[in-house]
1. Any residue that is buried (at least 22 other Cβ atoms within 10 Å of the Cβ) and within 24 Å of His76 (Cβ to Cβ) - is there at least one of those in the stretch 163-179?
2. Just give me the residues in the stretch 37-63 being in contact (Cβ under 8 Å) with a residue 60 or more places away in the chain and more than 13 Å from the ligand (Cβ to nearest atom), in sequence order.
3. Could you please find all residues in the stretch 66-108 being buried (at least 20 other Cβ atoms within 10 Å of the Cβ) and over 19 Å from the mean Cα position of the chain (by Cα)?
4. Inside the stretch 23-40, can you point out the residues that are surrounded by fewer than 17 Cβ atoms within 10 Å (Cβ to Cβ) and either β-branched (Val, Ile, Thr) or closer than 23 Å to Ile133 by Cα (or both)?
5. Residues that are under 28 Å from Ala13 (Cα atoms), outside any helix (DSSP H, G or I), within 11 Å of the ligand (Cβ to nearest atom) and under 19 Å from the mean Cα position of the chain (by Cα): does the stretch 114-125 have at least one?
Amino acid sequence: MKVVILNDAAEVAKYGAEIFVKQINKKPDSVLGLATGSTPVAMYQELIAANKEGRVSFRQVSSFNLDEYLGLPGDHPQSYRYFMNDKLFNHVDIEKFRTNVPPGDANNPIEACLEYERMIEKAGGIDVQLLGIGRNGHIGFNEPSSSLQSRTRVKTLTKETVEDNARFFEEGEFQPQLSITMGIGTILEAKKVVLLATGEGKADAVKQTVEGPLSAACPASALQFHQDVVVIIDEAAASKLDDPDFYKYIETENRRLEKHLGL
Ligand code: GLP
């Protein structure tokens, strides 16, 4: 796992965005795996700026989001489909019909999950999957105890996750406690995975992900099995790692090598 430790959230957003810009410029019809939550918002702003400056075009890009609340239609302001339109899709030249978010209002959610898997496969699989991380180590809505080989399915949210996400809902507003989420097995099939985490609240989850045992108790630790993962974090999120200097040293050496090879 490659761990990149940067000074602050703004640098994390820039670094993450550059990976996506490079990917899309290399393969204009890239299939992106996208994420919600507050962490990726700054990265989406960087992508919007890059699109406006003509440094990247999303015209041929397609996308699959990780998850959606079950019980919310896509036009509901708290739905993740609404979030994605609002934070990214409405501001770049992506074709909306090529953007996919699990259907929170599906009549048959179980069938909808199977169909989502089929759609990802039909698109040729995900080239780069973006992830945030929950304080309990969840990725997508794969809460602790999720099977490390799980596929897209209906998942019940933990109390902690419901509480963490309550800040987005008005008082008294219906807040779903069920979701549709890509599984950990689905995520592990992406060709590349980019995980962003910022702030001290994520420090424990980051430590478990990078240095902890491979365990369903921290779903993100399953990424230790993936051959191309980059974990991009700020100093605060890195604060509980055993040896942050080692990761910084590796990153400096990588840069030196890339420069030497003219990459
Ligand atoms: C939600 C999403 C996750 C996200 C997590 C952390 O539960 N389903 O994909 O990573 O929140 O969100 P934040 O970035 O706001 O801390």
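Here, each number is a calculation from the coordinates, and none is a lab measurement. Not measured: the values here are computed from a predicted model. As a convention, Cβ positions derive from the backbone with ideal geometry for all residues, glycine included, and neighbour counts pool all protein chains shown.
1. Taking every residue of the stretch 163-179 in turn, at least one turns out to be buried (at least 22 other Cβ atoms within 10 Å of the Cβ) and within 24 Å of His76 (Cβ to Cβ).
2. The one that is in contact (Cβ under 8 Å) with a residue 60 or more places away in the chain and more than 13 Å from the ligand (Cβ to nearest atom): Ser62.
3. Residue satisfying the conditions is Leu72 alone.
4. Ser38
5. Checking the stretch 114-125: not a single residue is under 28 Å from Ala13 (Cα atoms), outside any helix (DSSP H, G or I), within 11 Å of the ligand (Cβ to nearest atom) and under 19 Å from the mean Cα position of the chain (by Cα).
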